[in-house]
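Read through the structure below, which is laid out as structure tokens, and then see the notes.
The values are calculated or read from the model by the stated rules, or taken from the named source; none is laboratory data. Model, not experiment: these values are computed from the prediction. All Cβ positions, even for glycine, are placed from backbone atoms using ideal geometry, and neighbour counts span all protein chains on display. The area values use the complete protein model at the heavy-atom level, side chains included, leaving out ligands, DNA and RNA. Shrake-Rupley method; radii C 1.70, N 1.55, O 1.52, S 1.80 Å.
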Amino acid sequence: MKPIAHIYTDLPQKFGIPRNSFLAPHLQGRIMFEPEYALNSAVAGIDSFSHLWLLWRFENGEPGGGAADVAGARAGAAGKTATTASPKPARWSPTVRPPRLGGAERVGVFATRSPFRPNPIGLTCVKLDRVELTDAGPIIHVLGADLRDGTSIYDIKPYIPFADCHPDACGGWIEDAPWHELDVDFPKQLQAEVPAGKLAGLTEVLRQDPRRAGSKHEPTRVYHLAYAGLDVAFTVDGNVLHVVCVN
């Protein structure tokens, strides 16, 4: 298989990417097609759906694509030939430590959506914002884009409610481990440093606690999140995340 498109988001690094798209519904993404598939006719009718499934690739065992993948995507978007090395074989483990369990308990990899899989295939449901038709081909704008900037997209399929929604479905072990969110202390003067259209998504990312699952309680440690061209510095004390600087 080969990518049909790449998605461009506000998250250039693994750090900060939400565990699921619905946790940050305002995260923006732009899907731009490879020249072979950049045909406006190929997306005819897609704007009648509210949500889409994206099938994509974890690069080097990292969520949302590795450095080689991102560089290749940007080179393609600029009409250049990428000179990055081929992706390394995916790393995988038969058992993993899900963040939802605090990174302390192990379950089978096929009972999770961990990126450390035999075949590094990702699956995300995003909300369709709008379709932009250009002379260079269509650009699909989506929300809830929990993918790293430059991620390879292998397929796009419509979300069909009567077939894809199962109200009586069981959530397995996840139902016994409800997701915990942080309170975000974000001073108004620092919020002013963030473009208005990016603020909601940033706040949602911070609320999910970007730190590694099971991180030690270090209230004075300053963490840095790359988001939409900004460096967002924050600390975490108990259940409160404090934004301390935005550059």
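Compute the helix-to-body angle for 67-77: its Cα long axis versus the longest principal axis of the chain, expressed 0 to 90° and rounded to tens.
That helix lies at roughly 40 degrees to the long axis.
Using 0.36 nm times the number of residues separating HIS180 and SER215, minus their current alpha carbon distance, what extension gain do you get? The partial results should precede the final answer.
Numbers: separation 35, 0.36 × 35 = 12.60 nm, distance 1.41 nm.
Extra length available between HIS180 and SER215 comes to 11.2 nm.
Where in the chain is the longest stretch that carries no trypsin sites (Lys or Arg not before Pro) classed as loop by DSSP and with at most 11 other Cβ atoms within 10 Å?
With a cap of 11 other Cβ atoms within 10 Å, the longest stretch comes to 81-211.
For the chain, modelled as a GNM with alpha-carbon contacts under 10 angstrom, which of PRO99, PRO18, PRO178 fluctuates the most?
Checking each option, the largest mean-square fluctuation is seen for PRO178.
Using +1 at the C-beta of Lys and Arg and -1 at the C-beta of Asp and Glu, which of GLN189, SER41, MET1 has the Cα lying farthest in the positive direction of the dipole of the chain?
Selected residue: MET1.
How tilted is helix 196-207 with respect to the longest principal axis of the chain? Cα atoms for both, answer in degrees (0 to 90, nearest 10).
Approximately 50 degrees, to the nearest 10.
Taking the solvent-accessible surface of protein heavy atoms with a 1.4 Å probe, what is the per residue accessible area of the chain in Å²? If you can, show how the numbers build up before the last one.
Details: 13460 Å² over 247 residues.
Here the per-residue accessible area is 55 Å².
Just to be sure I understand: with springs between alpha-carbon atoms less than 10 Å apart, which residue in ASP47, ASP164, ASP185 has the highest mean-square fluctuation in the Gaussian network model of the chain?
The residue with the greatest mean-square fluctuation here is ASP164.
Can you list residues from other chains, or at least 5 along the same chain, whose modelled amide H is less than 5 Å from the amide H of GLN13?
ASP149
Report the FRET efficiency, 1/(1 + (r/R0)^6), for CYS245 and GLU36, where r is their Cβ-Cβ distance and R0 is 41 Å, rounded to 0.05.
Working: r = 44 Å, r/R0 = 1.07.
Efficiency, from the Cβ-Cβ distance: 0.40.
How many angstrom lie between the Cα centre of the range 175-247 and the Cα centre of the range 119-167?
Between the Cα centres of the range 175-247 and the range 119-167 lies a distance of 26 Å.
How much FRET efficiency would the formula 1/(1 + (r/R0)^6) give for ASP237 and ALA200, where r is the Cβ-Cβ distance and R0 is 25 Å, rounded to 0.05?
Values: r = 24 Å, r/R0 = 0.94.
FRET efficiency, ASP237 to ALA200: 0.60.
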